[in-house]
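Please read the structure below before turning to the comments.
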Amino acid sequence: MEKLNLGPEELMKENPKLVYCRLSGYGQKGPYKSRAGHDINYIATSGVLEMLQFGGDKPTPPINVLADFAGGGLMAAFGVVSALFERTNSGKGQVIDANMVQGSAYVSSFLFLYRSLFPNLPGHSVLDGGAPFYDTYQTKDGKYVAVGAIEPQFYDQLIKGLKLNPDEIPAAFDMKSWPELREIIKSAISHHTQDELSVIFAGDNTCVSPILDRNEAAELEHNKVSNTFFRDDVDGKVVPNPAPLLTRTPAHAAGRPQPQVGGHSIEVLQEHGYTKNEIKDFISNGVVYSCNTSKL
């Protein structure tokens, strides 16, 4: 932006109340500030990816959700809201350095602060796939269920529902026996379909859930009542509704195609008083990108 004389120093001279957000991979300082990267690179640099070795397997990123969206977009939006709120007191704007390395580390603070919950090598503690009572299992019909029976009362319901004798299996927190206990639970679950297990563990205190695909999730009665999803009017895709829910000013999702990069460049410039010829010059000189020049 500085190349266009649109950096924060220039713009904030004109408007000291301006909130200027920079969103980048590695931030504005340090030897990596100009380095290219993707979500997987940012969470590798932040130290988070090394901790995501579920069940002791190789480090596996949660697609590109953690850095791009949680540590990047969400933290940038939160920074803008924070700066706007602060401006109501100071009357001044400020620059936000939202970068995906720092952001992904911050949204993963739990993993850094509570290392006592992860005493073993990555993938061998309770919450990262080491414990057999906190894992996913394949069912008789080739589907999956999620088991999160950590607390004693939930674990008891798991053992009871699978008709296992607690006196004949290893204790839940005998870590040395976790491989044996995992095979016992795996075998017991494999004798039931996902629907059968949904019936067995239909109570409120079981912590066993069927793993649903996006269409099944949209049709689940609980999600219907909660209005968690809607179907896009354009192509019928299942789309999450905005969250969190606000009682007085709730947000509403719009069933229309997702915007394209440069899809509204012309309209924005016209709203600010630029003529068609000026906009054509911007586009032809590469100052502005538009994916729809037919509007001129």
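The values are calculated or read from the model by the stated rules, or taken from the named source; none is laboratory data. Since the model is a prediction, treat every value here as computed from it, not as a measurement. Using ideal geometry, Cβ is built from the backbone for each residue, glycine included, and neighbour counts are taken over all protein chains shown. The area values use the complete protein model at the heavy-atom level, side chains included, leaving out ligands, DNA and RNA. Shrake-Rupley method; radii C 1.70, N 1.55, O 1.52, S 1.80 Å.
Observations on the structure shown:
- Within the assembled protein chains, the solvent-accessible surface assigned to Glu183 is about 100 Å², based on a 1.4 Å probe.
- The smallest convex shape that holds all Cα atoms of the stretch 121-189, its convex hull, gives 84 Å³ per residue.
- Whole-percent carbon and sulfur share, accessible surface of the chain, 1.4 Å: 56 percent
- Overall Cα dimensions of the stretch 132-291, principal axis frame, Å, largest first: 82, 35, 30
- Most to least packed among 248-254, 66-72, 131-137 [average Cβ atoms within 10 Å]: 66-72, 131-137, 248-254
- Surface listing: His264, His38 arranged by accessible area from highest to lowest gives His38, His264, probe 1.4 Å.
- Kirkwood hydrodynamic radius over Cα pairs of the stretch 77-141, then Stokes diffusion coefficient at 20 °C and 1.002 mPa s, in µm²/s: 138 µm²/s
- Under a Gaussian network description of the chain, with springs only between Cα atoms under 10 Å, the residue in Ala243, Ala76, Ala105 that fluctuates furthest is Ala243.
- Three-way shape label, the stretch 184-240, alpha-carbon gyration tensor, a/c 1.5: prolate
- Protection proxy ranking, highest mean first, for peptides 49-60, 167-178: 49-60, 167-178, where packing is the per-residue count of other beta-carbon atoms within 10 Å, averaged.
- Using the Cα coordinates of the stretch 1-148, the gyration tensor eigenvalues translate into equivalent-ellipsoid semi-axes of 39, 16, 14 Å, sorted from longest to shortest.
- For the stretch 10-94, the average shadow cast by the Cα convex hull is 7.1 nm², which is a quarter of the hull's surface.
- Electrostatic dipole magnitude of the chain [Cβ: Lys, Arg +1; Asp, Glu -1; Cα centre; debye, to 20]: 980 debye
- Approximate shape of the chain as ellipsoid semi-axes (Cα gyration tensor, √5λ), whole Å, largest first: 48, 25, 18
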